[in-house]
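The values are calculated or read from the model by the stated rules, or taken from the named source; none is laboratory data. Computed from a predicted model, the values in this text were never measured in an experiment. Backbone-built Cβ (ideal geometry, glycine too); neighbour counts: all protein chains shown. Remember, those area values only see protein heavy atoms, side chains included, never the ligands or the DNA or RNA. Shrake-Rupley method; radii C 1.70, N 1.55, O 1.52, S 1.80 Å.
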Amino acid sequence: MFATLSLFAAVSLTLQATPPATPRRAPRAPVGATEPLAALAAQLAQLDAAAQPSLAQGSAELAVLGAQLESLQGLQGLAALDGLDALDGLDALDARDVLDARRPFAAAPRAPWALQDPGDSLYRAARQALNRNRYAEAARLFNAVINRYPRSTYAPDAHYWTAFALYRTGEDANLRQAVVLLDKQKTQYPQAATRGDGDALVVRVLGELARRGDESASRRLHRIANDTATATATATSTTTSTRSTTTSASCSSDDDDDPRVAAMNALMQMDAANAVPIIKQVLAKRDACSVGLRRKAVFVLSQKRTEETEDILLSVARNDPDSDVRQQAVFWLSQVGTEKALTALDSILRTATDPELLDKAVFAVSQIRSDRAAQILRDYAGREDAPEDVREKAVFWLGQ
């Protein structure tokens, strides 16, 4: 609705800013050119005549749009529009989560920065090849930086970019070599600018190899995902014993956790039966350090339908100590969209007392287009024991 209003406003402003058209005058012909110019003038007149119906139709359509705009202006004072507040705080819509719960790794090398470095010219050539999608050539040139100038300031990042180019070729042997290079960078160049990107890329490569039947890659993915479930427990015990000095140091940032979440996601797509127990372990955590992981685990779980998906999300919505994680679970229940998910949302509306959670549940139900969903909203709107503002939002979403 708001996009339509914006369109009307834009059209109105354009019309107001456009000066009225002036009649087209036939050009004055120089001596000796009367006949050709007269023919051109006749053709121009025909074009003008052909355009008139379209212009008239456009004017009529604009008049209709103007009338509709006037009728919609009455909505401005409706308190029910506050129902849009249900969209606030839905971090589940954050691009970092929606894009497979993976932090995008670097895909374009930075500009050369060491003109006097012996590997500078090779790095420039490799960067140019990669930017032109010549992946095999780029891999060869970046690898030449590593082999010829191992002490070059470009060598640490060249490991990553060689691996990235090999990954882009898509060949099995190149994917395995990419893993070797990324592991080498992690061991030998822990301070490389692309180290964090390397963690994300190696999981992506392992996931691709595992999908192609590589058992070694699959086992390593399992180890990485299992680390997600166990790392927070270690952080919690450390924090508890020396809370005054280690709280910030023991909690991992979301970016650091993303490769492990990506491993969970890859396993979920390939082997949900083994991935779900790992996700449940993560969601069972109650420490502050695991909030980011739990939020992302909720997303990963919602992307693959299993017999337990709705039950786990409902449990998180009811029991997780973090309000944001609970609301994320409610949102993704709406995206699952099954009858079982709708039953879970109905259960939340019947039993929950947190106004914010109820607000999100009403919005989530409104996103499921079915007669039953509409009836759930009507029932909630008629409950006298429900918060008045949430009931008003149920009425609002019913009208959409």
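Accessible surface of the range 276-400, 1.4 Å probe: 46 percent of it comes from carbon and sulfur atoms. For the range 105-124, the residues whose backbone nitrogen is under 14 Å from a point 7 Å from the Cα of Arg148, taken along Cα to Cβ, are 117-124.
Measuring with a 1.4 angstrom probe and ignoring ligands and nucleic acids, Thr194 comes out at about 10 Å² accessible.
Full extension of the chain between Ala108 and Arg383 yields a length gain of 93.4 nm, computed as 0.36 nm times the residue separation minus the alpha carbon distance. Computed on protein heavy atoms with a 1.4 Å probe, the accessible areas place His222, His159 in the order His222, His159, largest first. What separates the Cα centres of the range 341-400 and the range 136-156 is a distance of 59 Å.
Projecting the Cα atoms of Phe396, Thr309, Ile279 onto the charge dipole of the range 266-400 (Cβ charges, centred on the Cα centre) puts Ile279 farthest toward the positive pole. The figure for Asp371 is an accessible area of roughly 140 square angstrom, using a 1.4 Å probe on the protein chains alone.
Per-residue Karplus couplings for the range 217-223, computed as 6.51 cos²θ - 1.76 cosθ + 1.60 with θ equal to phi - 60°, are listed in order as 5, 5, 5, 5, 4, 4, 5 Hz, Gly and Pro entered as x. On the basis of the beta-carbon distance and an R0 of 41 Å, Lys304 and Thr169 show a calculated FRET efficiency of 0.90. A probe of 1.4 angstrom, applied to the heavy atoms of all protein chains, finds Asp287 with accessible area near 20 square angstrom. For the range 200-210, 3J(HN,Hα) computed residue by residue from phi via the Karplus equation (6.51, -1.76, 1.60; θ = phi - 60°) reads 5, 5, 5, 5, 4, 5, 4, x, 5, 5, 4 Hz, glycine and proline entered as x. Placing Thr306, Thr162 in order of accessible area, with the largest value first and a 1.4 Å probe, yields Thr306, Thr162.
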